[in-house]
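Asker: Quick one: the structure is below, questions incoming.
The values are calculated or read from the model by the stated rules, or taken from the named source; none is laboratory data. No experiment lies behind these values; they were computed from the predicted model shown. Cβ placement follows ideal geometry from the backbone for every residue including glycine, while neighbour counts extend to all protein chains displayed. SASA here: full protein model, heavy atoms, side chains in, ligands and nucleic acids out. Shrake-Rupley method; radii C 1.70, N 1.55, O 1.52, S 1.80 Å.
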Amino acid sequence: MEYSYRFRLYPNKEQQNLIAKTCGCCRFVYNYFLSRRKEVYAATGNGLTYNACSKELTALKIERPWLREVDATALQTAVKNLDKAYQSFFRGLKTGVRTGYPQFKSKHTSKACYTTKNNRSTVAVINGKLRLPKLGLVKCRFSKQVEGRILSATVTKSHSGKYFV
């Protein structure tokens, strides 16, 4: 049985900047591969798969070194989310349920968030603080005891400037 928790984060200024960079990089990667999939489909008639996009992501990180400053699993999750959006769109076409074609993410209208996976305890609760990849230990207010293993963490910034995980 899986549970989800939502806790308030209190990052310092340096951590807030890194969260903003990570959200921006995830949005860039999502939009980049959405446009790449459209280009490839228009040119060849076949779309890109998740594996092709994942391989291209490593080349993109070499081409654009600022993508290496942020959490790599968050960027991979952005590519995975795009693939899920395409799968949902095509499944909707088959079943007659309208899900809509994947849309580009906007800097101003989309909620600033990113998801990271827990690989070898990179996301963990340590002495009342939460350890996140590239961010380190972040102050967090836990309203309950976290039980079981942590699968992933989604860091979100609300429109009022509050951070949640």
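Asker: Please tell me if L67 is hydrophobic (A, V, I, L, M, F, W, C), at pLDDT 90 or above and closer than 29 Å to S160 by Cα. Step through it out loud before you land on a result.
Answerer: On the way: hydrophobic (A, V, I, L, M, F, W, C): yes; at pLDDT 90 or above: yes; closer than 29 Å to S160 by Cα: yes.
For L67, the condition - hydrophobic (A, V, I, L, M, F, W, C), at pLDDT 90 or above and closer than 29 Å to S160 by Cα - is met.
Asker: Taking into account only those residues within the range 113-128 that are assigned to a strand (DSSP E or B) and either touching a Cys at 6+ places or on another chain (Cβ under 6 Å) or over 20 Å from L18 (Cα atoms) (or both), which is least open to solvent (accessible area, probe 1.4 Å)?
Answerer: So the first thing to find is which residues in the range 113-128 are assigned to a strand (DSSP E or B), and the list is 113-117, 124-126.
With either touching a Cys at 6+ places or on another chain (Cβ under 6 Å) or over 20 Å from L18 (Cα atoms) (or both) added as a condition, the list becomes 114, 126.
Numbers: Y114: 11, I126: 58 Å².
Ranking the candidates gives Y114 first.
Asker: State all residues of the range 1-34 that are open to solvent by 60 Å² or more (accessible area, probe 1.4 Å), in a helix (DSSP H, G or I) and farther than 12 Å from A74 by Cβ; if no residue qualifies, say none.
Answerer: Of everything in the range 1-34, those that are open to solvent by 60 Å² or more (accessible area, probe 1.4 Å), in a helix (DSSP H, G or I) and farther than 12 Å from A74 by Cβ turn out to be K13, E14, N17, A20.
Asker: Any idea which of R37, R91 is among the charged types (D, E, K, R), out of contact with any Asp or Glu (no Cβ under 6 Å at 6 or more places or on another chain) and crowded, with 16+ Cβ neighbours inside 10 Å? Full working, then the answer.
Answerer: On the way: R91 fails: crowded, with 16+ Cβ neighbours inside 10 Å.
Result: R37 is the single residue among R37, R91 that is among the charged types (D, E, K, R), out of contact with any Asp or Glu (no Cβ under 6 Å at 6 or more places or on another chain) and crowded, with 16+ Cβ neighbours inside 10 Å.
Asker: Looking at this structure, is L75 at pLDDT 95 or above, farther than 23 Å from L9 by Cβ, open to solvent by less than 40 Å² (accessible area, probe 1.4 Å) and assigned to a helix (DSSP H, G or I)? Give the steps one after another, and end with the answer.
Answerer: On the way: at pLDDT 95 or above: yes; farther than 23 Å from L9 by Cβ: no; open to solvent by less than 40 Å² (accessible area, probe 1.4 Å): yes; assigned to a helix (DSSP H, G or I): yes.
Answer is no for this residue.
Asker: Let me spell it out: the conditions are (1) of a type outside the set (A, V, I, L, M); (2) within 20 Å of P11 (Cβ to Cβ); (3) touching a residue at least 24 places away in the same chain (Cβ under 8 Å); (4) not in a helix (DSSP H, G or I), and F104 meets all of them except one. Which number is the exception?
Answerer: That leaves (2) as the condition not met.
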